[in-house]
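Below: one structure, written as structure tokens.
What follows draws every value from the coordinates through simple rules; no lab data is involved. For clarity, every value in this text was computed on a predicted model and none was experimentally measured. Virtual Cβ from ideal backbone geometry, glycine too; neighbours counted across all protein chains shown.
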Amino acid sequence: MRTILACLLLSGWLCPPAAGQEPASVPAYSIKPSEVTLPVGAELGRYRRLIHPFENWDLICDENLKTMKKVCNVTQTIVDKDGQLAFSWSLAATEGGKPMMILRTKPGLGVKKPVKLSFPGRTEPVSVETYACDPLVCVALLPVGPILREHIAKTSMVGVSYGAALGELIAFDVPLKGLSAALAAIK
């Protein structure tokens, strides 16, 4: 009885296996790594990520406390019924300070394939071609121009569509509501 009690007090993987059981090759518990990936040159404990939720959007700011450099973006992520990425887009600034939308799709789309954005009042969708894919995601870039600025100000619903693996069409509407408030909060 004391052996069982001692095993309960200690981590389960420190107890000897029961008769006929093989010892586990992986500990029952481990430390979950940080979700924040440090950029090259940043030191542990000297880098901070702040996430501010807004309606439909998150303002994400990364700050290097050593160099006092802060980089922010505003992101919206759409997931499918299984909680997997269907689409994500982030409004960020280029090195030159120009606003850019970074669009991310499921990886099956492929390079040089269109992501279509349908805006209210426009007959033709804006088509943005992907330029890179990896096993997790395909990426496209859209400079923020007059059409997107107008619809951000109007808090429009935007139709998003793209082809996926095996000819499947992914299509849904996403709200721009909350984006202006998140942008205004960047200091």
VAL126: more than 17 Å from the chain's Cα centre (by Cα), over 19 Å from VAL79 (Cα atoms), free of Cβ contacts under 8 Å to residues at least 24 places away in the same chain and surrounded by 15 or more Cβ atoms within 10 Å (Cβ to Cβ), yes or no? yes
Only one of these conditions is not met by ASP80: (1) of a type in the set (Asp, Glu); (2) more than 16 Å from the chain's Cα centre (by Cα); (3) over 20 Å from ALA185 (Cβ atoms). Which number is it? (2)
Every residue in the range 66-80 that is under 29 Å from GLY41 (Cβ atoms), without any contact (Cβ under 8 Å) to a residue 40 or more places away in the chain and touching a strand residue (DSSP E or B) at 6+ places or on another chain (Cβ under 6 Å), please. LYS70, VAL71, ASN73, THR75, THR77
When every residue in the range 48-65 that is under 20 Å from GLU95 (Cα atoms) and either surrounded by fewer than 12 Cβ atoms within 10 Å (Cβ to Cβ) or not hydrophobic (A, V, I, L, M, F, W, C) (or both) is compared, the one farthest from the chain's Cα centre (by Cα) is ASN64
Do we have any residue at all in the range 84-96 that's within 27 Å of ALA171 (Cα to Cα), outside any loop (DSSP other than H, G, I, E, B) and not hydrophobic (A, V, I, L, M, F, W, C)? yes
State which residue pairs qualify: first residue hydroxyl-bearing (Ser, Thr, Tyr) and inside the range 36-64, second residue part of a loop (DSSP other than H, G, I, E, B) in any location, beta carbons under 9 Å apart, and separation of 6 or more residues or different chains. TYR47/VAL36; TYR47/LEU38; TYR47/PRO39; TYR47/LEU65; TYR47/LYS66
Of everything in the range 113-123 that's assigned to a loop (DSSP other than H, G, I, E, B) and of a type outside the set (Gly, Ala, Ser), which residue is surrounded by the fewest Cβ atoms within 10 Å (Cβ to Cβ)? THR123
Counting only residues that are out of contact with any Cys (no Cβ under 9 Å at 6 or more places or on another chain) and surrounded by 10 or more Cβ atoms within 10 Å (Cβ to Cβ), how many does the range 129-150 have? 14
